[in-house]
Amino acid sequence: MQAGEPLTRLACIRQCQETVQELVSKPADVCTWLKSLCQTQTNATLQFNEKKQRFEELLNGITLHFNTIRHLFVRLREIYEHICKDPTPVINKNELDRLIKQREIYEEILFEKKRQIKITLDSMRDLCYQINTMLDLRQESTEK
């Protein structure tokens, strides 16, 4: 989407789809980073700081995507409220039926994207739990 392009309903929906697709691809990057973190390194402190910085940038990107989705949701809500507050009496029945069907389709798409985000977050949470467990076990074995 261009910087000067107004946030119309279709532009908001298109940007939401693109943002969700980018968010869904992020767990692979997180897993790669965590895997490389667990491997032993010769210059551990320097490499750990570099990896930590990369990981923080990745998390900041994810936060930015969530903020974008929130902004787009607010904009779509404003469009919806504007339409509900000032309905145009000239809309014919066919146009109204088409718009209602289109809204239902978009609601289904939004529901599916929310479900994908939930699955992604749940899998990341499980992965972090497993990694923490493995690191605790590794630390216990080295202490003995």
- request: Could you identify the single residue in K35, K101 that is exposed (fewer than 14 other Cβ atoms within 10 Å of the Cβ), in a helix (DSSP H, G or I) and at pLDDT below 75?
  value: K35
Residue among I119, I109 that alone is farther than 17 Å from I13 by Cα and either hydrophobic (A, V, I, L, M, F, W, C) or touching a Cys at 6+ places or on another chain (Cβ under 9 Å) (or both): I119
message: Among the listed residues I119, I109, I100, I83, identify the single one that is touching a residue at least 60 places away in the same chain (Cβ under 8 Å), at negative phi and β-branched (V, I, T).
response: I109
- prompt: Which of (1) modelled with pLDDT under 75; (2) touching a His at 6+ places or on another chain (Cβ under 9 Å) is the odd one out, the single condition T45 does not satisfy?
  reply: (2)
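The values are calculated or read from the model by the stated rules, or taken from the named source; none is laboratory data. Note that the structure is a prediction, hence the values are computed from the model and not measured. Every residue, glycine as well, gets a Cβ built from its backbone with ideal geometry; the counts of neighbours run over all protein chains shown.
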